[in-house]
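Quick notes on the structure that follows.
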């Protein structure tokens, strides 16, 4: 086994729980094409030793990724990437970005400053997310 | 699974002062438990009761299903790393390991040697000449090589610099990933606990204020901000942990199992640190009485 393909980091100030940060970093690496099918994720022991975090946090993150069908655990060997996120969503990025740029321009014309835009986006994002759950 | 630590009405009194009182907890095995509170809140007392170094004044405590410090077999199952990670200044690192081997029936000599080598500690060095971080690592090595089912650590990283603190916690977490054992450690540095603990106990005013699974605690506590409102006008299921008010605005930290739908509130998640502070900040029964007396 060689060097791990990716290395995790934790942002204590982000307000995002550590396990979710790990999940997001794997998804992000998949989207950017840093992780490919067949790649091995760092072992639980490696992550724990590197970040000084609870092993259960790593296990929970890997279980979540497994549940999403992105990775599979091979008992006694490790956790391996089984899917990719690049193909499906990458194509949609361009048009979405364009729409977002138009919306941002509109918000500025309406007199919103950066902070108001961010606040509006985050509250809408959260309420929509909550409605989706409910 | 056997509970790692169970206490029922546990209390310890020194003269007239209760260092710990009415402590009732039930901690399942397999967790890294953080014990947090002010200095003098009762953390060390609880840890010493759990390791059998103190006898309770009131109530009962069982650790891994047995009485703390009862028999040699029980002592072998529980490791204890005391505050400021003491070592025998006149003994060398190697002599500490030999002492560990003599005193502990389940001593893992290979693990101890391997850890010392990996840390780059010189076995012939006297402990008195080690840096704070190295001495802490030596104490941790002794605690781990004992191969306990429960390792108790009292403020192990309080006096260490940030790098040594991180290295100590890396070593501890790596060991829990490799050998399954439970950990109870006290600290007043919530930022460290946030990374490594999955179970939390907040002690304040000699009492347990809250205890539980970290995920569960974070999911059931919320900060509510909105127009001023008295606590008795909150729904019955919302237990107020702390409340602050201005003329117009109220800010509450509440614990509730139900979702909060009241549109008057802006609801935000709490970080573990906010949650701990809310409980440590909670007015004690004595404060409340004093307040009432002033108001009268």
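In this structure, residue B:266 and residue B:118 have a Cβ-Cβ separation that, at R0 = 45 Å, corresponds to a calculated FRET efficiency of about 0.35.
For the range B:175-240, what number results from the quotient of the Cα radius of gyration and 2.2 N^0.38 Å? Don't skip to the end; give the middle numbers.
On the way: Rg = 16.2 Å, N = 66, 2.2 N^0.38 = 10.8 Å.
Normalised Rg, Cα atoms only: 1.50.
Distance distribution P(r), the range B:138-290, all Cα-Cα pairs, bin width 5 angstrom from 0: 2, 8, 16, 17, 16, 13, 10, 7, 7, 4, 2, 0 percent. Taking every DSSP bridge with both residues inside chain B, close to 70 percent are antiparallel. Direction-averaged shadow area of the convex hull around the Cα atoms of chain A, nm²? The directionally averaged projection comes out at 10.3 nm². Taken along the Cα-to-beta-carbon direction at a fixed 7 Å, the label points for residue B:161 and residue B:232 span 5.7 nm.
Overall shape of the range A:86-133 was characterised from the C-alpha gyration tensor. The equivalent ellipsoid obtained from it has semi-axes of 22, 18, 7 Å, in decreasing order. DSSP bridge analysis restricted to the protein assembly as shown gives an antiparallel fraction near 70%, rounded to the nearest 5.
Listing B:142, A:98, B:200, A:112 from the residue with the fewest other Cβ atoms within 10 Å to the one with the most, what is the order? Kindly include the intermediate steps, with their values, before the conclusion.
Values: B:142 22, A:98 10, B:200 26, A:112 15.
Taking fewest neighbouring Cβ atoms as first place, the list is A:98, A:112, B:142, B:200.
So what is the relative contact order for chain B, in percent, with contacts set as C-alpha pairs under 8 Å and at least six apart?
On the way: 558 pairs, mean separation 56.6, N = 296.
Contact order relative to length: 19 percent.
Measuring between their Cα centroids, the range A:98-134 and the range B:131-175 lie 46 Å from each other. What angle do you read, to the nearest 10 degrees and between 0 and 90, between the alpha-carbon axis of helix A:114-133 and the longest principal axis of chain A? With rounding to tens, the tilt is 60 degrees. Between helix A:86-109 and chain A there is an angle of about 30 degrees, using the helix long axis and the longest principal axis of the Cα atoms. Overall size of chain B from C-alpha positions, given as principal axis extents largest first: 67, 39, 38 Å.
Taking every DSSP beta bridge that has both residues in the range B:79-228, what percent is antiparallel when rounded to the nearest 5?
Values: 7 of 15 bridges.
Taking every DSSP beta bridge with both residues in the range B:79-228, the antiparallel ones total about 45 percent.
State log₁₀ I(q)/I(0) for the range B:105-145 at q = 0.23, 0.25, 0.30 Å⁻¹ as given by the Debye formula over alpha-carbon point scatterers of equal weight, solvent excluded. For the range B:105-145 at q = 0.23, 0.25, 0.30 Å⁻¹, log10 I(q)/I(0) is -0.73, -0.85, -1.12.
Overall size of the protein assembly as shown from C-alpha positions, given as principal axis extents largest first: 76, 72, 40 Å.
Where does helix B:109-119 land angle-wise versus the long Cα axis of chain B, in degrees 0 to 90, nearest 10? Taking the Cα atoms of chain B, the angle to B:109-119 is about 70 degrees. When Rg and the Kirkwood radius Rh are both evaluated on Cα atoms of the range B:209-284, their ratio Rg/Rh stands at 0.93.
FYI, it's all coordinate maths here, none of it is from the lab. If you're wondering where the values come from, they're calculated on a predicted model, not measured in any experiment. Heads up, the Cβs are rebuilt from the backbone with ideal geometry, glycines too, and the neighbour counts pull from every protein chain shown.
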